Amino acid sequence: MKLTIHHQTTYRYARPILLQPHRMILRPRSSHDVTILASSLAFSSEAQLDWTQDVFGNLVAIGTFSEPTAELGITNHLTVEQLAAA
């Protein structure tokens, strides 16, 4: 079964602020029964995006922002294939 996941979060602040690095776990772990077919991660503010893996096997995105902003939007879009029985 193929699944499409779309998640959007928006943070609004009273005035522009300088954001600290954001650590995000937004993808399921790949396994023998879950395969990620496509993914995209976008921010409303310019960000340096780095990926790492934690000790539990989660893929972690770290967004680092260089300019102050009054709003941060995070949009995550995934297409996964699940092979396990329902």
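The values are calculated or read from the model by the stated rules, or taken from the named source; none is laboratory data. Since this is a predicted model, take the numbers as computed values, not measurements. We place every Cβ from the backbone using ideal geometry, glycine too, and count neighbours over all the protein chains shown. Note: accessible area is taken over every heavy atom of the protein model, side chains too, but ligands, DNA and RNA are not part of it. Shrake-Rupley method; radii C 1.70, N 1.55, O 1.52, S 1.80 Å.
What full-extension length gain, to one decimal in nm, is calculated for HIS22 and THR64 as 0.36 nm per residue of separation minus the Cα-Cα distance? Display every interim value, and only then the final one.
Details: separation 42, 0.36 × 42 = 15.12 nm, distance 0.66 nm.
Extending this stretch completely gives an extra 14.5 nm.
With all protein chains kept in place, the per residue accessible area of the stretch 2-82 amounts to 67 square angstrom at a probe of 1.4 angstrom. Peptides 38-51, 10-23 ranked from most to least packed give 38-51, 10-23, packing being the mean of other C-beta atoms within 10 angstrom over each peptide's residues.
One quarter of the surface of the convex hull around the alpha-carbon atoms of the chain equals 6.4 nm², the direction-averaged projected area.
I'd like the carbon and sulfur percentage of the solvent accessible area for the stretch 2-82, probe radius 1.4 Å, heavy atoms only, ligands and nucleic acids excluded.
Carbon and sulfur atoms account for 51 percent of the accessible area of the stretch 2-82.
Approximating the spin labels as points 7 Å out from Cα along Cα→Cβ, the ASP33-to-THR9 distance works out to 2.7 nm.
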